[in-house]
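Please read the structure below before turning to the comments.
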Amino acid sequence: MKLALGVTGGVAAYKAAELVRRLQNEKLDVQVVMTRAAQEFITPLTFAALTGQKVITDIFATAGSGPANVESAIEHIAVAQRIDLLLVAPATADILGKFAHGIAEDFLSTLYLATKAPVVVAPAMNVNMWEHPATQQNLTALRARGVHVVDPDEGYLACGMTGAGRLAATESIVKKVCEVLGLRHDFTGQTVLVTAGPTCESLDPVRFLTNRSSGKMGYALAEAAHRRGARVILVSGPTDLKIPQGVDWVPVRSTEQMQRSVLERAREANVAIMAAAVSDFRPAAEQDKKIKRGDGTFTLELEPTPDILAELGREKGNRILVGFAAETNNVAENARGKLLRKAADMIVANDVTQAGAGFDTDTNIVTLFLRDGRELALPQLNKFDVANRILDQVLDIQKHSK
């Protein structure tokens with residue numbers, strides 16, 4: 001996983017060197033971005049030596065770095081797209097103000113506007129600056145946009161004053177980064193089997209039946225489980241998604257292929273999460289030649305596909321089994337029925353007609369239906385956060401089943 005560490009101009013900038021080491025201990029690839037003021041307190045060479053990577057100090061090519069070109073001109077976009085998180089530590093009052101008001105005048109402030117990755121800031125400044133209404137209003141605005149703030153510690157400050165404003169302890173900052181990224185290590189030693197995406201059922205050599213699933217929810221689950229220490233087996237139908245790093249990816253196309261792969265790998269898994277939108281029907285007979293347009297209507301005979309979740313339910317053993325229910329009506333009734341019929345431990349249900357919860361979105365609105373009768377309704381969250389909430393509940397089920 002790649003993280004951009006923004007270092008701004010404050011006395012606490014020297015602490016960012018130790019922060020780099022602690023982030024590397026969490027197996028994070030750190031790209032350092034320094035403001036001009038930060039270079040007055042610590043040199044880019046220090047971070048280059050620690051990270052083994054170029055330290056970005058300007059949005060334009062600088063003296064000695066070669067002539068400006070297209071690559072250097074759009075480097076902030078490239079970095080924004082490849083990072084998993086932006087951390088700014090120390091974050092001065094100046095950079096907080098720029099972030100809050102959308103001012104992009106250097107690489108770091110431009111990177112903040114260009115990235116869709118989560119953002120963590122660890123402020124450090126004089127106590128009066130920290131308590132000033134302008135600073136607090138900027139922080140309120142940033143928190144409202146989803147920026148995670150690691151509040152400064154209280155104590156003796158470099159300016160000689162005492163109070164809040166000292167950069168938070170390195171451990172606190174790293175803990176927040178790991179929390180945001182889902183690096184909890186609470187699935188270490190477990191194997192999680194996840195299915196994702198649609199399945200495709202061939203009608204003839206050029207046509208097939210499928211559904212609108214993008215696979216985003218299943219891939220988020222695979223990524224979240226891997227970040228939390230699990231060995232992950234991802235059985236995926238066709239998608240355009242990037243394969244999560246470190247997972248055992250098994251590509252399939254049809255429901256029958258998914259069934260075969262899941263049953264082969266299920267014996268390895270402590271947890272099976274069936275997030276794929278499996279086609280419920282397939283053509284009764286696949287044509288070996290393209291079906292030509294005729295003068296009249298065409299009747300297509302369908303037959304049911306294998307019920308993978310039900311098969312796993314019949315052979316569940318001690319494995320935790322999670323199913324999904326994408327519904328358009330009677331969500332709760334259908335989810336409870338599926339929970340019982342499939343012998344699952346949990347059904348994750350959503351109304352796909354609801355804005356922010358349908359196919360090919362980056363968010364989801366789900367309710368978790370549990371065997372003990374509980375129903376846990378989650379607010380609209382991005383799919384990675386939904387994945388972590390599902391995994392949290394899996395751990396709770398395991399805890400109470402011992």
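The values are calculated or read from the model by the stated rules, or taken from the named source; none is laboratory data. Only a predicted model underlies this, so the values are computations on that prediction, with no experimental measurement involved. Using ideal geometry, Cβ is built from the backbone for each residue, glycine included, and neighbour counts are taken over all protein chains shown.
Highlighted here are the strands (runs of 3 or more DSSP E) found entirely within region 133-238 that include at least 1 residues which are assigned by TED's automatic domain parsing to the domain that holds residue 360, surrounded by fewer than 16 Cβ atoms within 10 Å (Cβ to Cβ) and touching an Asp or Glu at 6+ places or on another chain (Cβ under 8 Å): 201-204.
If you check every pair at least six apart or on different chains, which have Cβ atoms under 6 Å apart with a residue in region 223-236 that is within 19 Å of residue 26 (Cα to Cα) first and a residue that is at pLDDT 95 or above and of a type in the set (Ser, Thr, Tyr) second? Listed by first residue and then by second, the contacts come to 231/191.
If a residue must be hydrophobic (A, V, I, L, M, F, W, C), closer than 28 Å to residue 398 by Cβ and surrounded by fewer than 20 Cβ atoms within 10 Å (Cβ to Cβ), how many such residues does region 340-356 contain? Let's see the steps before the verdict.
Just the residues of region 340-356 that are hydrophobic (A, V, I, L, M, F, W, C), to begin with: 340, 343-344, 346-349, 352, 355.
Cutting the leftovers down to closer than 28 Å to residue 398 by Cβ gives us 340, 343-344, 346-349.
When the remaining residues are screened for being surrounded by fewer than 20 Cβ atoms within 10 Å (Cβ to Cβ), the result is 340, 343.
Qualifying residue count for the region: 2.
Among the residues of region 200-220, those identified as touching a Leu at 6+ places or on another chain (Cβ under 9 Å) and within 19 Å of residue 259 (Cβ to Cβ) are 200, 201, 202, 209, 215, 218.
Cβ-Cβ contacts under 9 Å between residues 6 or more apart (or on different chains), taken from a first residue in region 5-22 that is without any contact (Cβ under 8 Å) to a residue 60 or more places away in the chain to a second residue that is among the hydrophobic types (A, V, I, L, M, F, W, C) and assigned to a strand (DSSP E or B), are listed as 20/5; 20/30; 20/32. Does residue 52 satisfy the condition of being at pLDDT 95 or above, out of contact with any Ser or Thr (no Cβ under 7 Å at 6 or more places or on another chain) and not aliphatic (A, V, I, L, M)? Spelling it out, it is not the case that residue 52 is at pLDDT 95 or above, out of contact with any Ser or Thr (no Cβ under 7 Å at 6 or more places or on another chain) and not aliphatic (A, V, I, L, M).
For residues that are touching a residue at least 24 places away in the same chain (Cβ under 8 Å), hydrophobic (A, V, I, L, M, F, W, C) and surrounded by fewer than 24 Cβ atoms within 10 Å (Cβ to Cβ), tally how many sit in region 105-118. Residues in region 105-118 being touching a residue at least 24 places away in the same chain (Cβ under 8 Å), hydrophobic (A, V, I, L, M, F, W, C) and surrounded by fewer than 24 Cβ atoms within 10 Å (Cβ to Cβ): 3 in total. The number of residues in region 300-318 being within 22 Å of residue 394 (Cα to Cα) and crowded, with 17+ Cβ neighbours inside 10 Å comes to 4.
Inside region 274-291, can you point out the residues that are farther than 20 Å from residue 304 by Cβ and out of contact with any Phe, Trp or Tyr (no Cβ under 8 Å at 6 or more places or on another chain)? Before the answer, list the steps.
Here is the first cut: in region 274-291, the residues farther than 20 Å from residue 304 by Cβ are 275, 288-291.
Answer for region 274-291, where residues must be farther than 20 Å from residue 304 by Cβ and out of contact with any Phe, Trp or Tyr (no Cβ under 8 Å at 6 or more places or on another chain): 288, 289, 290.
Scanning region 25-43 for residues that are more than 21 Å from residue 115 (Cβ to Cβ) and either in a helix (DSSP H, G or I) or touching a residue at least 60 places away in the same chain (Cβ under 8 Å) (or both) yields 25, 37, 39, 40.
Cβ-Cβ contacts under 7 Å between residues 6 or more apart (or on different chains), taken from a first residue in region 128-150 that is over 22 Å from residue 169 (Cβ atoms) to a second residue that is modelled with pLDDT of 95 or more, are listed as 138/96; 138/97; 138/100; 141/100. Has region 116-127 got any residue that is farther than 24 Å from residue 224 by Cα, part of a helix (DSSP H, G or I) and touching a strand residue (DSSP E or B) at 6+ places or on another chain (Cβ under 8 Å)? Yes: one or more hits.
Within region 11-26, restricting attention to residues that are charged (D, E, K, R) and more than 25 Å from the chain's Cα centre (by Cα), the residue that is farthest from residue 90 (Cα to Cα) is 18.
Quick one: is residue 256 in a helix (DSSP H, G or I) and either in contact with a strand residue (DSSP E or B) (Cβ under 9 Å, 6 or more places away or on another chain) or in contact (Cβ under 8 Å) with a residue 60 or more places away in the chain (or both)?
Working: in a helix (DSSP H, G or I): yes; either in contact with a strand residue (DSSP E or B) (Cβ under 9 Å, 6 or more places away or on another chain) or in contact (Cβ under 8 Å) with a residue 60 or more places away in the chain (or both): yes.
Against the criterion (in a helix (DSSP H, G or I) and either in contact with a strand residue (DSSP E or B) (Cβ under 9 Å, 6 or more places away or on another chain) or in contact (Cβ under 8 Å) with a residue 60 or more places away in the chain (or both)), residue 256 qualifies.
As for region 279-295, it holds at least one residue that is assigned by TED's automatic domain parsing to the domain that holds residue 366, within 29 Å of the chain's Cα centre (by Cα) and either within 20 Å of residue 390 (Cα to Cα) or of a type in the set (Ser, Thr, Tyr) (or both). The single condition among (1) surrounded by 17 or more Cβ atoms within 10 Å (Cβ to Cβ); (2) under 23 Å from residue 226 (Cβ atoms) that residue 396 does not satisfy is (1).
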